[in-house]
Amino acid sequence: MPQKNGPWTIQETNEKFHDSFIHVREDEVLRPDGQPGKYATVKMKPAVAILPIDNDGYVYLVRQFRYALGKDSIEVVCGAVEEDEPNIEAAKREIEEEVGIKASELIELGVVDLDTSIVHCPVQMFLAKQLTKTEANPEGTETIKTVKVSLDAAVQMVMDNTITHAPSCVLILKARHGYLNSN
């Protein structure tokens, strides 16, 4: 049975791939102009992105190999939200696992969408403050190195394309804007 999706009409949906992290589907559609077509979408688990900042204004980033890119990427701490897990708990879990940090204060800085044309993966952003060091415990798929830089240096890394991961760019710039307005 046809289903409306905004100005599009979905005639049929075919699942192409599905695992615990990602769901890929292809829809047979009527486009807004009335012509038939196909539209593929990717739905991923929701995620969190966290930028720990210490009392001296230093932030903790991660450098890790990203398979899809075939190279290292410098990013804020990120990870998937497990089913029925509150975003704030996922954020606490991820910063402890990836960089060995506990935060007494987590400030929500909004949501960013990875790619609004084909990917559905909302990423909740957090600024982590009042930090305590613990032991990192990354997953077996992660080879992570912690990168500690000033917030200003992180902003420069965004501006000079050293950091290109979209949620990281947005979170670092939002954190800098908020940091400037609170000091």
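Only helices enter the 222 nm calculation for the chain: every DSSP H run of n ≥ 4 contributes -39,500 (n - 2.57), and dividing by all residues gives -7000 deg cm²/dmol, rounded to 500. The alpha carbon centroids of the stretch 43-75 and the stretch 131-165 are separated by 5 Å.
Among all helices in the chain defined by DSSP H, which have a length of 20 Å or more along the axis from Cα atoms plus a Kyte-Doolittle mean of at least -0.5?
Details: long enough: 166-182 (24 Å, 0.36).
Length and hydropathy pass: 166-182.
Listed options for Cα extents along the principal axes in Å are [x] 42, 36, 31; [y] 62, 44, 37; [z] 58, 36, 32. The value calculated from this structure is the one marked [z].
Here the 3J(HN,Hα) profile of the stretch 73-82, calculated from phi with Karplus coefficients 6.51, -1.76 and 1.60 at θ = phi - 60°, is 9, 9, 8, 6, 5, 9, x, 6, 8, 6 Hz, Gly and Pro shown as x. Close amide H contacts of Val81 (hydrogens built in the peptide plane, cut-off under 5 Å, sequence separation of 5 or more or a different chain): Ala47, Val48. Ranked by the mean number of other Cβ atoms within 10 Å of their residues, highest first, the peptides 114-122, 94-102, 79-87 fall in the order 94-102, 79-87, 114-122.
Which percentage, to the nearest 5, of the DSSP beta bridges contained in the chain is antiparallel? Please report the intermediate quantities before stating the final value.
Details: 48 of 56 bridges.
DSSP beta bridges in the chain are roughly 85 percent antiparallel.
3J(HN,Hα) along the stretch 47-63: 9, 10, 10, 10, 10, x, 10, 8, 5, 9, x, 8, 10, 10, 10, 10, 10 Hz, from the Karplus curve 6.51 cos²θ - 1.76 cosθ + 1.60 with θ = phi - 60°, whole Hz, x for Gly and Pro.
Highest first, please rank the peptides 144-157, 43-56 by the mean number of other Cβ atoms sitting within 10 Å of their residues. Please list the in-between numbers first.
Working: 144-157: 16.6, 43-56: 19.3.
The peptides rank, most packed first, as 43-56, 144-157.
In this structure the amide hydrogen of Asp72, modeled in the peptide plane, comes within under 5 Å of the amide hydrogens of Arg66, none closer than 5 places in sequence on its chain.
Taking other Cβ within 10 Å of each residue's Cβ, how do Leu61, Leu69, Leu173, Leu106 sort, fewest first? All intermediate terms of the calculation are to be shown ahead of the outcome.
Values: Leu61 24, Leu69 10, Leu173 14, Leu106 20.
Going from least to most buried by this count: Leu69, Leu173, Leu106, Leu61.
Any read-out appearing in this document is the output of simple, stated calculations on the displayed coordinates, not a laboratory observation. Keep in mind that what you see is a predicted model, and the values were worked out from it rather than measured. All Cβ positions, even for glycine, are placed from backbone atoms using ideal geometry, and neighbour counts span all protein chains on display.
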